[in-house]
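One structure below.
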């Protein structure tokens, strides 16, 4: 496999095949807590994307200089630095959204998705591949949060990005913007992903092992 093909593969795998939320089931805290609106979901996803890309690139650059004995501590310091940058930028540019997200921005530091990608991938690959992997995983995470946020806001508030979609007679499903709604919607989406995966595996199995021809006696 050529370098460009490998880079493309690492970039695309996080969007669907290895989606961090719907396939690997990582980052469940923000996925359930901040997706009561589409705006909050997108901002959290983009903040996580920035931290993941920046920290993966830096960890990959320093992978030959970080002692193994302190690698986890070093990764956390690097991640925390970029989380602080994201937190301050959001506080300065989007104060209302920053206030709604509250402590979940600083909690990006302990997101197992970010630390896991440093240990499993960035520390073992080149900067180019590490950044491609981070972009793919970050976009996949952002996609997952956005999908949850859009559906929950439409059903729970009857709006999208704060704009009303239905008439005054619409009765919002308030449960969808509450914590139980997050679990319900996540479970339904995981069910769809599992169904699609099983259908694909069954199709591949049929193609790899076609039915034998019946012999003539």
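In the calculated pair distance distribution of the range 108-217, what percentage of Cα-Cα distances lie above 18 Å? All intermediate terms of the calculation are to be shown ahead of the outcome.
On the way: 4185 of 5995 pairs.
Of all Cα-Cα distances in the range 108-217, 70 percent exceed 18 Å.
Can you give the convex hull volume of the alpha carbon atoms of the range 1-88 per residue, in Å³? Walk me through the intermediate numbers first.
On the way: hull volume 12.1 nm³, N = 88.
Normalising the Cα hull of the range 1-88 by residue number yields 138 Å³.
First check a/c for the chain, with a ≥ b ≥ c the square roots of the eigenvalues of its C-alpha gyration tensor; if it is under 1.5, answer rounded, and if not, answer prolate when a/b is larger than b/c or oblate otherwise. List each step's numbers first, then the result.
Working: a/c = 2.54, a/b = 1.06, b/c = 2.39.
Since a/c reaches 1.5 but b/c is at least a/b, the shape of the chain is classed as oblate.
How many angstrom separate the Cα center of the range 82-127 from the Cα center of the range 29-69?
Between the Cα centres of the range 82-127 and the range 29-69 lies a distance of 4 Å.
Quick one: among 195, 16, 173, which has the greatest mean-square fluctuation in a GNM of the chain with alpha-carbon springs under 10 angstrom?
195
Using a simple spin-label model with points 7 Å from Cα along the Cα→Cβ vector, what separation in nm is obtained for residue 119 and residue 183?
That separation, rounded to one decimal, is 2.7 nm.
Quick one: divide the alpha-carbon radius of gyration of the range 120-183 by 2.2 N^0.38 Å and tell me what you get. Intermediate values should be presented prior to the final figure.
Numbers: Rg = 17.8 Å, N = 64, 2.2 N^0.38 = 10.7 Å.
It is 1.66.
Could you work out [θ]222 nm for the chain from helices alone, using -39500 (n - 2.57) per DSSP H run of at least four and dividing by all its residues? Round to the nearest 500 deg cm²/dmol.
Numbers: 8 runs with 141 residues, N = 217.
Computed ellipticity for the chain at 222 nm equals -22000 deg cm²/dmol.
Report the gain in length on full extension from residue 190 to residue 69: 0.36 nm times residue separation, minus Cα-Cα distance, nm rounded to one decimal.
Values: separation 121, 0.36 × 121 = 43.56 nm, distance 3.72 nm.
Separation in residues times 0.36 nm, less the Cα-Cα distance, equals 39.8 nm.
Please give, to one decimal in nm, the separation of the simple spin-label points placed at residue 199 and residue 92, each 7 Å out from Cα toward the Cβ.
Placing both labels 7 Å along Cα→Cβ, they lie 4.8 nm apart.
Along Cα→Cβ, 7 Å out, is where each label goes; now give me the distance between the ones at residue 2 and residue 80 in nm to one decimal.
Label-label distance for residue 2 and residue 80, simple model: 4.4 nm.
Only Cα pairs within less than 10 Å get springs; with that Gaussian network setup on the chain, which residue of 168, 67, 30 has the largest fluctuation?
Answer for the Gaussian network model of the chain: 168.
When the convex hull of the Cα atoms of the range 77-162 is projected onto a plane and the area is averaged over all directions, what value comes out in nm²?
Details: hull surface 26.0 nm².
That works out to 6.5 nm².
Determine the relative contact order of the chain: mean sequence separation of Cα pairs under 8 Å and six or more apart, normalised by residue count, in whole percent.
Details: 284 pairs, mean separation 72.3, N = 217.
The normalised contact order for the chain reaches 33 percent.
Coordinate-derived values only; no laboratory data. Being a predicted model, the structure only gives us computed values, none of them experimental. As a convention, Cβ positions derive from the backbone with ideal geometry for all residues, glycine included, and neighbour counts pool all protein chains shown.
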